[in-house]
1. Read phi for every residue in segment 277-294 and hand back ³J(HN,Hα) as whole Hz from Karplus 6.51 cos²θ - 1.76 cosθ + 1.60, θ = phi - 60°, with x for Gly and Pro.
2. Given a Förster distance of 30 angstrom, what is the FRET efficiency for Ile454 paired with Ser220, based on the Cβ-Cβ distance and rounded to 0.05?
3. What's the local net charge at His319, with K and R +1, D and E -1, over the other residues with C-beta under 12 Å away?
4. Taking the Cα centroid of segment 113-156 and of segment 310-327, what is the distance between the two, rounded to the nearest whole Å?
5. List the residues, sorted by chain then number, that are 5 or more residues from Asn412 or on another chain and whose placed amide H is less than 5 Å from its amide H.
6. Please list 368-380, 395-407, 112-124 highest first by mean number of surrounding beta-carbon atoms within 10 Å per residue.
Amino acid sequence: MTKSRIIHRIIAAAVLGAALTVAGIPAFAQTDCDTSINHIRAGSEFYAAGNFQAAYTSFSCFLSLYPAETYPQQTAEALNMRGNVLREQGDLEGAISEYTQALDVQDDFAIAYNNRGWAYFNLGDYETALADYNAALDHDSSLAYAYNNRGLIHQYRGELRQAATDFEHAINLGAEPTPWAQYNLSLVRLVEGRQGNSLAPAAPVNTVSGTTAFYTEPASLLERGEAAHDDGDWRLTVSVMSEAIAVDSNADRAFYLRGRAYMALDNPDAAFADFDRLVELRPTFEFAYWERAVAYAERGYFDAAVADAQFAARKNPGHVNNFIVRGTIASLQGETVKAGEEFLGVMLCFEHERIQSEALTIDQPLSIDMTEGRIYEIPFAGEDGQTINIVVTSATADPVISLLAPDGTPINGDDDSGFMLGSLIEDYTLDASGTYTLLVSHAGGGSEGRMTVIVMNADADK
């Protein structure tokens, strides 16, 4: 019986401080535009699902079909949404161009001012961003996002009272950005407290334990959290990184590591929230998209997962994580052949040595010694219609497997579906008799150590 399960992925870690560049986005294909379709609604639905190419095409269809002078509000909305698409793809300059065109059509469009301000903010142009946030609030004083975002500008300038006022406005409006505004206000109060200002409580509250504690520098919290993460202490990682985020709501490294810890703790919803925030903070950082792609896939949002995986691949096409993430998505979708191909790709990225193993006997464990870049080829006899389970475990290494049919083509594969970082192919039915080959190597979670391999006859358990 096939069991539903959470797949834990160890994606090769990255240094968030590395210099990043904005990738050029290829032109989106323009197709024939059906006049019977509400292209703005369709584009919005594609955008919500993470299918950004289809979203961009739908908004472009509206713009090509309907003149701006007749439909100014809808035209501005389509341009604004095209800007959002480009922003999601990391093209901030392109997004600014779209937002500017939207404002040329509708000069009181508060959301477009806010969105353009956010793009300028992420490009480091704080003065222009501030001007856009002010314009947004001039046209819509109830726009909570603009208050929160303007508060960040004041916070960066050290204007803590102005920042606190803006964050409080955002919170009082009770809109979607309230959690971020609360985080930001918490940071302002902690900093004020260090300066002896009456805005802050005398003893800052530890947001994890609920107890009072002295203020802790974010850098030391990150060091503690990274050590916990490297040790595989996922609950401690969550605890310490949550405290770091309470101190600095823009601590991208903390969101990154806490999200990975949440994935290891079978909490993809919490992980997704962290990776989504990481994408906001670092919109051109490919690791954020790889991680969010896995979280999307774990939650069953496969179109969005594929879109994130494709964006990351364009940013860093030669990285092993492309194979890991595509294999993960394929595995969760039940696309066994693609999973086998992608996880074979993981092995080939590391390969330095190929070892022909002795034949494996069904239901009898086999021990192998894994080291960096080694691939084992392990043959075993299978029969047409036979259902098998394949389990590969290790105390120190991170197994990855690909199952080859008697003709040598990949038919299934896995990375981390088993216990801890173990590999698992469960209830797989063979469709031919002959000699199958199990390829076993390692992924990014560890390359050295003893692995135990067993192929079991699942029919005997039914």
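1. 5, 4, 5, 4, 6, 10, x, 10, 8, 5, 5, 4, 6, 4, 5, 5, 4, 5
2. Values: r = 45 Å, r/R0 = 1.48.
The value I calculate is 0.10.
3. Numbers: positive: Arg314, Lys315, Arg326; negative: Glu286.
Taking every Cβ under 12 Å from that of His319, the sum is +2.
4. A separation of 33 Å, based on Cα centres.
5. Excluding prolines and chain starts, which carry no amide H, the hits are Gly340, Leu403.
6. Values: 368-380: 17.6, 395-407: 21.5, 112-124: 23.3.
The peptides rank, most packed first, as 112-124, 395-407, 368-380.
Values quoted throughout were computed directly from the atomic coordinates according to the rules given, and no laboratory measurement underlies them. As the structure is a computational prediction, the values presented were derived from the model and not from experiment. Glycine gets a Cβ as well: all are built from the backbone with ideal geometry, and neighbour counts include every protein chain shown.
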